[in-house]
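**Q** Have a look at the structure that comes next, please.
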Amino acid sequence: MIVAMLETASEEQIQNVTDHLMHMGFAVHRTTGARQSVLAAVGKRIDFDIRDLEVLPGVEKVHRISAPYKLVGRQFHPHDSVIKLGKGVSVGGPQVIVMAGPCSVESREQLFKAAEQVARAGAKVLRGGAFKPRSSPYTFQGLGLEGLKLLREAADAHGLLVISEVMEISQIDLMMPYVDIFQVGARNMQNFNLLRELGKVRKPVLMKRGIAATIEEMLLSAEYIMSGGNYDVILCERGIRTFETYTRNTLDISAIPIVHKLSHLPITSDPSHGTGLRDKVAPMACASLAAGADALIIEVHPDPDHALSDGAQSLYPEQFAELMEKLRLIAPAVGRTIG
Ligand code: PEP
Ligand code: MN
């Protein structure tokens, strides 16, 4: 950490800041310039709040150099993490994995159709919510356990893996026999109790970026899961809330290369929730692949016009098959293949 003192700072104030830093466990190196003094604090501590120094008399600016997380950072693990999902499928390597399916599991017929259609087009993972975090309590809330059973059955019938959202701690054990990947939804990215419990689980977790979360907050949330002992964490950019009204959310594609620079964890892109509109999904999926996404999660419904949730952003099965063709063309240009 670098602490720049004001030109007007007194020797006493500089000493006071130095004492504070030393008390926090840092070694302090002072550089005295012609006008200003700068204190460089070196140490292993990461659990500090720079505002505690910013408010001290005589301080002009404090700049944090080390990241506030350990396990998710590249310093801890310099190479890309490759996470095994099951059935010989991994994410984080050269193969880009496509997860697809409806927003919610609605019925046996709907899900089996969706599984058949996405598997035929080349998806590796079947998505579908059994527990749904809906903005309104009066809308469809999901089929619960029945939905989980259908997911497992439909996925197995088509050689797919299952991803489904876990909304609370009590659902973890219930979901365990049915899912291959636990999905943490955007609304739960900072449900730290849930994250801690998922740290004890021995199954991959795909954690979505919160609706108004910074990239650093997303990485700190992933740190909660990893610090519990579960290193199989996949991040997911799913769009953030901005002032733009043409789309449901703003898909922050720049988060993909930023995460790759800061972290070894794979990152997924969700262009369905990222845009909220069917015709924007394919272009943003292509852009995400080009930007380095390790996986894509896409909503596909056999009959989107009658979907119980997120119909407007769900692709028709033919559109999904077309998109997969496009992705297969783009992938080699960025050194990837489509799984
Ligand atoms: C979903 O995947 O259907 C979902 C609810 O996503 P998010 O948490 O990103 O809103
Ligand atoms: Mn959805």
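**Q** Lysines near residue 280 by alpha-carbon distance under 18 Å, same-chain residues fewer than 8 away left out - which ones?
**A** Result set, ordered by chain and number: 326.
**Q** Could you please put 334, 259, 82 in sequence from largest to smallest accessible area, using a 1.4 Å probe?
**A** 82, 334, 259
**Q** So for the pair residue 23, residue 8, with labels modelled 7 Å out along Cα→Cβ, what separation do we get in nm?
**A** That separation, rounded to one decimal, is 2.4 nm.
**Q** Along the Cα→Cβ direction, 7 angstrom out, place labels at residue 55 and residue 333. What is the inter-label distance in nm?
**A** Roughly 5.2 nm, to one decimal.
**Q** Averaged per residue, what accessible surface does the chain expose to a 1.4 Å probe, in Å²?
**A** Ligands and nucleic acids excluded, the figure is 45 Å² per residue.
**Q** Arrange the residues 246, 231 by how much accessible surface each exposes, largest first, with a 1.4 angstrom probe.
**A** 246, 231
**Q** Relative to the longest principal axis of the C-alpha atoms of the chain, give the angle of the C-alpha long axis of helix 278-291, reported between 0 and 90° and rounded to the nearest 10°.
**A** So the helix axis and the longest Cα principal axis differ by about 50 degrees.
**Q** Counting only residues 5 or more places away or on other chains, whose amide H sits under 5 Å from the amide H of residue 339 once H atoms are built in the peptide plane?
**A** 96, 97, 98
**Q** In terms of solvent-accessible area of protein heavy atoms at a 1.4 angstrom probe, what is the ranking of 60, 223, highest value first?
**A** Accessible-area ranking of 60, 223, largest first: 60, 223.
**Q** What is the angle, in °, between the Cα long axis of helix 317-330 and the longest principal axis of the Cα atoms in the chain? Nearest 10 is fine, range 0 to 90.
**A** So the helix axis and the longest Cα principal axis differ by about 50 degrees.
**Q** Turning to a different aspect of this structure: Of the accessible area of the chain, with the probe set at 1.4 angstrom, what percent is carbon plus sulfur?
**A** Reported share for carbon and sulfur atoms: 55 percent.
**Q** So, one more: Report, in whole Å, the centroid distance computed from the Cα atoms of region 60-125 and region 185-205.
**A** Each part reduced to its Cα centre gives a spacing of 15 Å.
**Q** Of the peptides 45-57, 173-185, 284-296, how do they stack up when ordered by the mean number of other Cβ atoms within 10 Å, highest first?
**A** Ranking, from highest mean packing down: 284-296, 173-185, 45-57.
The values are calculated or read from the model by the stated rules, or taken from the named source; none is laboratory data. This structure is a prediction, so every number in the text was calculated from the model and none was measured. All Cβ positions, glycine included, derive from the backbone under ideal geometry; neighbour counts span all protein chains shown. SASA here: full protein model, heavy atoms, side chains in, ligands and nucleic acids out. Shrake-Rupley method; radii C 1.70, N 1.55, O 1.52, S 1.80 Å.
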